[in-house]
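J.: Attaching a single structure in C-alpha cells format; questions to follow.
The values are calculated or read from the model by the stated rules, or taken from the named source; none is laboratory data. None of the values given here were measured: they were computed from a predicted structure. Cβ placement follows ideal geometry from the backbone for every residue including glycine, while neighbour counts extend to all protein chains displayed.
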Amino acid sequence: MLQILPKDISKEALEGIIQAYVLREGTDYGVQAHTFPEKCLQVMDQISRGEVKLWYDEGTQSVELILSRD
C-alpha cells in the first residue's frame, strides 16, 4: 500500500474520499447524533492532525483511511 499525502491530491478528491468513507461507515450508535457534513468535517480534522492517514491499495485500486500508529 502507498501512503497518499492530502497535499498531493485535489481538495475535491480528498472530499470525495472522506464522503465515501463516511457513507460506508453506517449508522452512528453514540449518545449524540451527527449530520453527514459534521461527520465529514470530523474525519477531515483527524486527517489534518495526522491521526488518520490515507493509503492507496493497488490491488483493489481503492483508498483506505487508517488510524495512525505514530
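J.: Six or more apart or on different chains, Cβ under 9 Å: which pairs go from a residue in segment 51-70 that's closer than 17 Å to residue 20 by Cβ and of a type in the set (Lys, Arg) to one that's surrounded by fewer than 11 Cβ atoms within 10 Å (Cβ to Cβ) and modelled with pLDDT of 95 or more? Could you list them?
T.: Final answer for the pair search is 53/3; 53/5.
J.: Of (1) of a type in the set (D, E, K, R); (2) surrounded by 10 or more Cβ atoms within 10 Å (Cβ to Cβ); (3) assigned to a helix (DSSP H, G or I), residue 64 satisfies all except one. Which?
T.: (3)
J.: Can you tell which of 28, 70 is modelled with pLDDT under 90, in contact with a His (Cβ under 9 Å, 6 or more places away or on another chain) and part of a loop (DSSP other than H, G, I, E, B)?
T.: Details: 70 fails: in contact with a His (Cβ under 9 Å, 6 or more places away or on another chain).
Answer to the check: 28.
J.: With respect to residue 16, is the statement that it is small (Gly, Ala, Ser) and on the phi < 0 side of the Ramachandran plot true? Don't jump to the end; show me each part of the working.
T.: Values: small (Gly, Ala, Ser): yes; on the phi < 0 side of the Ramachandran plot: yes.
When the stated conditions are applied, residue 16 passes them.
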